[in-house]
């Protein structure tokens, strides 16, 4: 335990200082001013069985106060709950930006349903006129009235080809409070925003709920055809744009929110497990490394502290054993303290009590189990399942 505690503490010191300051939550939209001419924007919303959230999200898009021309294209991806009809009714009641509701039919082989819908929406937008930007946003995302204006202003001011904001997810139920902030925290740990936003860095990522994409950059990257198979489509999109020479930006949102509820552990479990093994490229070796890494980084500190304290209290087998136990307790406690401290900014961003930061090892254990379950589902032929569709490895 002494050596394990030392290894965990070293890992946390490196994560604190050497992983792009991933734990900070101050990466927001870059400084921006309104352009002299506001470009035309096509808003593409892929939607499959979203009648439950559409009454909140769609009116927020239609109510955008955008100085230029904008049009909303909602692509009904084979819904069975009346999503398309509801969208038309909401547009008739609320007014605002023009709305077109369309349906592309079942996706062709090799396409995920969402990207097939995005492809259809982009094609329809091209037919309607020369849009300079696309706003790709999910059907469960609600935007404040100035959201589109601020995104375009940021893209124009910093000459960015892709601007993405990670929407603030819902944290109302117990399991949402426990798991959702950690979801964003772990995402930022994998893809530190500061590295994503550095043009010379290889790291690329986006948050699929809110992506403003320059049409010219999409054409250079061959999007969406070049990423048609992607289950984790947002990260794959960002990689394609960056590899094609585009400049990308990713940060946290202040005025863009997800309204999709995850009130039970089961719904959150499915959200994570459906793509966790895909993130690991369906590799058993990467899965084993991830499990060991999560255990060392998140589970070892409390284990070393508890085991060390138990050894100190019992006096150890001898004086040397007691000293080793005390050292393990100190190292484990220090690693746990650093871990909790890095989690505090994310808890504050989500307006959650700071005292819950030491619970992160328990949440990490849940994510470890979700990741293993994702691999099990994949080998049982049920991996990457979403709303009646299952996608295998490309």
Enumeration of residues in segment 123-139 that are modelled with pLDDT of 90 or more, in a helix (DSSP H, G or I) and farther than 13 Å from residue 218 by Cα: 124, 125, 127
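Any residue that is more than 30 Å from residue 106 (Cα to Cα), modelled with pLDDT under 90 and not in a loop (DSSP other than H, G, I, E, B) - is there at least one of those in segment 335-349? Don't jump to the end; show me each part of the working.
Of segment 335-349, the ones more than 30 Å from residue 106 (Cα to Cα) are 335-349.
Next cut, modelled with pLDDT under 90 only: none.
No - not one qualifying residue is present in segment 335-349.
Results for (1) in contact (Cβ under 8 Å) with a residue 40 or more places away in the chain; (2) out of contact with any strand residue (DSSP E or B) (no Cβ under 7 Å at 6 or more places or on another chain), shown as yes or no for each residue.
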residue: 49; (1), (2): yes, yes
residue: 73; (1), (2): yes, no
residue: 78; (1), (2): no, yes
residue: 87; (1), (2): yes, no
residue: 92; (1), (2): no, yes
residue: 96; (1), (2): no, yes
If you scan segment 169-190, which residues turn out to be crowded, with 19+ Cβ neighbours inside 10 Å and either at pLDDT below 95 or in contact with a strand residue (DSSP E or B) (Cβ under 8 Å, 6 or more places away or on another chain) (or both)? 169, 184
When residues of segment 112-125 are filtered for being in contact (Cβ under 8 Å) with a residue 40 or more places away in the chain and surrounded by fewer than 21 Cβ atoms within 10 Å (Cβ to Cβ), how many remain? 2
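Does segment 101-108 contain any residue that is surrounded by 18 or more Cβ atoms within 10 Å (Cβ to Cβ), closer than 25 Å to residue 38 by Cα and in contact (Cβ under 8 Å) with a residue 12 or more places away in the chain? Reasoning before the result, please.
Just the residues of segment 101-108 that are surrounded by 18 or more Cβ atoms within 10 Å (Cβ to Cβ), to begin with: 101, 104, 107.
Filter once more, keeping what is closer than 25 Å to residue 38 by Cα: 101.
Subsequent filtering for residues that are in contact (Cβ under 8 Å) with a residue 12 or more places away in the chain retains 101.
Taking every residue of segment 101-108 in turn, at least one turns out to be surrounded by 18 or more Cβ atoms within 10 Å (Cβ to Cβ), closer than 25 Å to residue 38 by Cα and in contact (Cβ under 8 Å) with a residue 12 or more places away in the chain.
Limited to segment 371-386, what total is found for residues that are surrounded by fewer than 19 Cβ atoms within 10 Å (Cβ to Cβ) and either in a loop (DSSP other than H, G, I, E, B) or at pLDDT 90 or above (or both)?
Of all residues in segment 371-386, those surrounded by fewer than 19 Cβ atoms within 10 Å (Cβ to Cβ) come to 372-373, 376, 379-382, 385-386.
Going one step further and asking which of them are either in a loop (DSSP other than H, G, I, E, B) or at pLDDT 90 or above (or both), we end up with 372-373, 376, 379-382.
The number of residues fulfilling the criteria is 7.
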Scanning for something within 25 Å of residue 203 (Cβ to Cβ), outside the structural domain of residue 159 (by TED's automatic domain parsing), touching a residue at least 60 places away in the same chain (Cβ under 8 Å) and in contact with a strand residue (DSSP E or B) (Cβ under 7 Å, 6 or more places away or on another chain), does segment 254-272 turn up at least one residue? no
So how many residues does segment 256-271 have that are touching a helix residue (DSSP H, G or I) at 6+ places or on another chain (Cβ under 6 Å) and surrounded by fewer than 20 Cβ atoms within 10 Å (Cβ to Cβ)? 3
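Residues checked against (1) touching a residue at least 60 places away in the same chain (Cβ under 8 Å); (2) in contact with a helix residue (DSSP H, G or I) (Cβ under 8 Å, 6 or more places away or on another chain); (3) assigned by TED's automatic domain parsing to the domain that holds residue 307:
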position: 333; (1), (2), (3): no, yes, yes
position: 342; (1), (2), (3): yes, yes, yes
position: 345; (1), (2), (3): yes, no, yes
position: 348; (1), (2), (3): yes, yes, yes
position: 353; (1), (2), (3): no, yes, yes
position: 364; (1), (2), (3): yes, yes, yes
position: 367; (1), (2), (3): yes, yes, yes
position: 371; (1), (2), (3): yes, yes, yes
Is segment 31-39 home to any residue that is surrounded by 15 or more Cβ atoms within 10 Å (Cβ to Cβ) and under 30 Å from residue 349 (Cα atoms)? yes
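Scan 52, 47 and give me the residue that is under 22 Å from the mean Cα position of the chain (by Cα) and surrounded by fewer than 19 Cβ atoms within 10 Å (Cβ to Cβ).
Numbers: 47 fails: surrounded by fewer than 19 Cβ atoms within 10 Å (Cβ to Cβ).
Only one candidate qualifies: 52.
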Checked against (1) surrounded by fewer than 14 Cβ atoms within 10 Å (Cβ to Cβ); (2) over 30 Å from residue 342 (Cα atoms); (3) touching a helix residue (DSSP H, G or I) at 6+ places or on another chain (Cβ under 7 Å), residue 85 satisfies every condition except (3)
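The values are calculated or read from the model by the stated rules, or taken from the named source; none is laboratory data. Given the structure is predicted, the values throughout are model-derived calculations rather than measurements. Neighbour counts run over all protein chains shown; Cβ positions are idealised from the backbone, glycine included.
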